[in-house]
Amino acid sequence: MADAGTQLRVGRLTKAHGLKGAIKLELFTDDPERRFVPGAEFSLQVPVTSPWHGKHLTLRELRWYNGHPVGFFEGVDDRTAAESLAKAILWVSHTDDDDETAEPDAWYDHQLIGLAVIRDGVRIGEVTHVDHLPAQDLLIVKTGGREVMVPFVGAIVPEVDVEAGTLTVTPPAGLFEDLVDEVEAAPQADPSEGDADGESGASDAADGRDE
């Protein structure tokens, strides 16, 4: 069963289109025909200072102009209202059907949180949070006593294995260098003393961009 509190990110409002409240969208789903139907309701991720904070949007219609999606929403009737929604991120409630129709290279936040982060075959941390920013998603990785923000892009995160509970990273120089130095400097266990009690095996992962 899906967690009733789980939300899926399906799009971002980019800028006003015309004078009648239309807004251009960036879609984070390969199934807009299912997500963006008349009457669909979206939760909004906006700054707390926004007049839209804590509110929802209901879609009237999705149109395509020159290959770009444009949304018309209830209560957004002019350009001023549309401009106040620029950069808002759209979320929908997760349902059991979403697990059956998920894209192969897209993961929900609850699938990523808890994954062990692997670099060069070594476990270096764990995903604790996912930040969805207008430019890109960021994985927040806990590494010892600090957190590192890792851009969630294929060049840096080439592999996600939810079943194995791991996420492989190939970060640019400097992102985890302090951590690597600490790992290399750590004293090695004496084989004659047997397995160290504190040695960790495979990390347990949380059960799993809509999108």
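Derivation of every value follows stated rules applied to the coordinates shown; laboratory data play no part. A quick note: this is a predicted structure, and the numbers were derived from the prediction, not measured. Here the Cβ positions follow ideal geometry from the backbone for every residue, glycine too, while neighbour counts run over all protein chains shown.
Below is a table of values for the structure above.
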quantity	calculated
5 angstrom amide H check on H17, placed H, neighbours 5+ away	A22, I23, K24
Packing-based ranking, highest mean first, of 152-158, 167-173 given that Cβ atoms within 10 Å are counted	167-173, 152-158
Cut-off 11 Å between beta-carbons: net charge of the residues surrounding K87, Lys and Arg +1, Asp and Glu -1	0
Protection-proxy order for peptides 12-25, 74-87, 53-66, each taking the mean of Cβ atoms within 10 Å per residue, highest first	12-25, 74-87, 53-66
Under 28 Å from the Cα of K20 - lysines, other chains or at least 8 residues apart	K55, K87
Around K20: net Lys/Arg minus Asp/Glu count, Cβ-Cβ under 9 Å	-1
Net charge dipole size for the stretch 17-90 [Lys, Arg +1 and Asp, Glu -1 on Cβ; Debye, nearest 20]	120
